[in-house]
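The next block holds one structure in the form of structure tokens; read it before the comments.
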Amino acid sequence: MIVRLPAVFGDGLVSGGVGTLIGPVPAGERWYVTRLDCSNGASVDVDIAIYLRTSGATNRRWKSARLDASGGHCEAIDSKAVELAEGGMILASASVGNQVTFYAAGIRETTTDA
């Protein structure tokens, strides 16, 4: 039986180095990330880079943006959901660490033996 439920996958601050925002997806689950928003709280413009890791240990640069000082905002997912299978992750880095907040949500799919 497949069960799909709404989920918040993460929220917090983006670090200056490449760090995990979402994941890794546990065995037996699939995540459909439908929302990934970032907002700048710094008094300077901040560049962010977002990476996908869909298999192994390879990070693939997916998106980048410049967030304007004090309130610049981006919606990284603006169309279909990003599907993450077992071990999948979304990572990010910011040119000014711990000033950009993020929020990620979507659908968590699990398979059960029912």
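Side notes on the structure shown:
- With each label modelled as a point 7 angstrom along the Cα→C-beta vector, the Asp45-Glu86 pair spans 4.4 nm.
- Length added when fully stretched, Met1-His73, from 0.36 nm per residue minus Cα-Cα: 22.1 nm
- Normalised size of the chain, defined as Cα radius of gyration per 2.2 N^0.38 Å with N residues, equals 1.10.
- Net length gained if the chain between Thr110 and Arg35 were fully extended (0.36 nm per residue, minus Cα distance): 25.1 nm
- Ranking of Ser93, Ser79, Ser39, Ser55 by neighbouring Cβ atoms within 10 Å, starting from the fewest: Ser79, Ser55, Ser39, Ser93.
- For region 80-88, the Karplus equation 6.51 cos²θ - 1.76 cosθ + 1.60, evaluated at θ = phi - 60°, returns couplings of 5, 5, 8, 8, 10, 9, 3, x, x Hz by residue, with Gly and Pro reported as x.
- Modelled FRET efficiency - R0 25 Å, Thr101 with Thr58, Cβ distances, 0.05 increments: 0.40
The numbers here are math on the coordinates, done by the rules we state, and not lab data. Predicted, not measured: the structure shown is a model, and the values here were computed from it. Here Cβ is always computed from backbone atoms with ideal geometry, including for glycine, and neighbour counts include all displayed protein chains.
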